[in-house]
Amino acid sequence: MQSLLRHLIRAVLVAALVVIALQVSNAQPSGKGKKPVWDGPKVTQIDIDGLRKLLKPNGKPVLINFWATWCDPCREEFPDLVTLDAAYKGKIDFYTVSLDDLADIKTYVPKFLGEQKAEMPAYLLKTPDDNAAIALVSSEWTGNLPLTILLKPDGTTAYLRKGIVKYATITAEIDKLVTPDAKP
Amino acid sequence: MKRAILFFTAMMVFAVAANAQSIAIGGTMENFSLPDGTGKMQTLDSLKGKNGAVIMFVSSQCPVVKLYNERMNEIAADYAAKGITFIGINSNVTEIEKAEAKPVGWVKDHIAATYKFTVLFDKGNVFADKLGATTTPEAFFVNGSNVLMYHGAIDNDKSGANITTPYLRTAFDSALAGKRIERTSANAFGCTIKRVE
């Protein structure tokens, strides 16, 4: 009877160790130098042509936020952007464009977006020429992050913010484009 | 009422104009005086080489700057012998003591351990405003007469793995050879200089 109990305890301990080992292997990168992969929103790689398409409105105002996981103010403003996306869903087209390394497209970028519960379409810009991409967005931009640009349905710039957006300001600018003027 | 509106409009125009100060290519950079990490005042004219200087806006926190630090030191070493010196400027409010124009403790240590050139501190980002600097890293190359020859990125690839257009080195080489600088400005993605509110 005691022998049976010992076997049972040993079996339970072995099973527990196997479960722990499996959990650890799932939580850590499997190979040396590999980055962990997290579930999160799909992030689509674009080049400068893809960026050009995003900058062309399709009947609605377009809001684009350029950001990176390594950019502190970008992370700081993100909760406001998620709130804004929920408030204006269907009224504007809102995209985020990450300037992170391409190697982070399945790791740190979706991880952050997932943590933020971000639902807006997410892109990662990979270009050999930062200067051309920056110039395409705005002549007022020198490449510092974050940058948020609001485009009118005709593609012209309605508002551009270098640095952290102020929620009240950006929503007021959007309201000018999506709310009919009620004044007499 | 009209007078008040006119006054307000004039003040707004003045404010915008004051904020938009910057230096254009071909313009002359005025001599400036800023403190180094010890609090000692340093000037452009005392630091620059016979063929000029690069005013390089840096940050001890910006990951993009960190990718460039080694390259900055390499370029600084390569061109110091040719009469062009590097002058680092830290204008980030988050990295400067509020009461004094000195780096916060860990920034001071980081700069001492990282850069092989002098880094000055721009309390209140007054100098950054004057030049119109917005990003780190961001370079302003002036020749021996303080004329702005190049403004912008160091090269086209922050990772350093695929540099095809080393903007800053090319500008130096052209200026040193007495040739026209083909590309006098280029932008690249970087960190926003953290300004006072």
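The values are calculated or read from the model by the stated rules, or taken from the named source; none is laboratory data. Here the structure is a predicted model, which means the values were calculated and not measured. Glycine gets a Cβ as well: all are built from the backbone with ideal geometry, and neighbour counts include every protein chain shown.
Every condition in (1) in contact with a Gly (Cβ under 8 Å, 6 or more places away or on another chain); (2) within 11 Å of chain B (Cβ to nearest Cβ) is met by A:Leu113 except one, and the failing one is (2).
Taking first residues from segment B:90-115 that are free of Cβ contacts under 8 Å to residues at least 40 places away in the same chain and closer than 19 Å to B:Phe127 by Cβ and partners that are hydrophobic (A, V, I, L, M, F, W, C) and part of a loop (DSSP other than H, G, I, E, B), the Cβ contacts under 6 Å between residues at least 6 apart in sequence or on separate chains come to B:Asn90/B:Val58; B:Glu97/B:Val104. Taking the conditions (1) within 22 Å of B:Thr136 (Cα to Cα); (2) more than 14 Å from chain B (Cβ to nearest Cβ) in turn, A:Leu125 satisfies each one other than (2).
Looking across segment B:48-68, the residues that are in contact with a Phe, Trp or Tyr (Cβ under 9 Å, 6 or more places away or on another chain), under 13 Å from B:Ile87 (Cα atoms) and away from chain A (no Cβ under 14 Å) come down to B:Gly49, B:Gly52, B:Ala53, B:Val54, B:Ile55, B:Met56.
Quick test for you: out of A:Thr171, A:Thr127, A:Thr148, pick the one residue that is β-branched (Val, Ile, Thr), part of a strand (DSSP E or B) and touching a residue at least 40 places away in the same chain (Cβ under 8 Å).
Working: A:Thr171 fails: part of a strand (DSSP E or B); A:Thr127 fails: part of a strand (DSSP E or B).
Going through A:Thr171, A:Thr127, A:Thr148 in turn, the sole match is A:Thr148.
Screening segment B:174-190 for residues that are farther than 18 Å from B:Asn69 by Cβ, touching a helix residue (DSSP H, G or I) at 6+ places or on another chain (Cβ under 9 Å) and of a type outside the set (Lys, Arg) and picking the one that is surrounded by the fewest Cβ atoms within 10 Å (Cβ to Cβ) gives B:Glu182.
Could you please find all residues in segment A:60-94 being of a type outside the set (Gly, Ala, Ser), within 23 Å of B:Lys158 (Cβ to Cβ) and under 13 Å from the mean Cα position of the chain (by Cα)? Quick ask: steps written out before the conclusion?
First, pick out the residues of segment A:60-94 that are of a type outside the set (Gly, Ala, Ser): A:60-67, A:69-85, A:88-89, A:91-94.
With within 23 Å of B:Lys158 (Cβ to Cβ) added as a condition, the list becomes A:64-67, A:69-78.
Result: A:Ile64, A:Asn65, A:Phe66, A:Trp67, A:Thr69, A:Trp70, A:Cys71, A:Cys74, A:Arg75, A:Glu76, A:Glu77, A:Phe78.
Quick one: is A:Thr96 buried (at least 21 other Cβ atoms within 10 Å of the Cβ), under 19 Å from A:Glu173 (Cβ atoms), more than 14 Å from every other protein chain (Cβ to nearest Cβ) and not hydrophobic (A, V, I, L, M, F, W, C)? Taking the combined requirement at face value, the residue satisfies it.
Screening A:Ile134 on (1) free of Cβ contacts under 8 Å to residues at least 12 places away in the same chain; (2) more than 14 Å from chain B (Cβ to nearest Cβ); (3) under 17 Å from B:Thr192 (Cβ atoms) shows it passes everything except condition (2).
Within segment B:155-180, residues that are touching a residue at least 60 places away in the same chain (Cβ under 8 Å) and more than 8 Å from chain A (Cβ to nearest Cβ) reach partners that are among the small types (Gly, Ala, Ser) and surrounded by fewer than 17 Cβ atoms within 10 Å (Cβ to Cβ) with beta carbons closer than 9 Å, at six or more positions or on different chains, in the pairs B:Leu176/B:Gly83.
Where helices (runs of 4 or more DSSP H) sit wholly within segment B:1-103, those with at least 2 residues that are at pLDDT 90 or above and under 30 Å from B:Arg169 (Cα atoms) occupy B:44-47, B:63-80. Condition (residue is touching a strand residue (DSSP E or B) at 6+ places or on another chain (Cβ under 7 Å) and part of a loop (DSSP other than H, G, I, E, B)) applied to segment B:166-174: is it met by at least one residue? Checked segment B:166-174: no residue is touching a strand residue (DSSP E or B) at 6+ places or on another chain (Cβ under 7 Å) and part of a loop (DSSP other than H, G, I, E, B).
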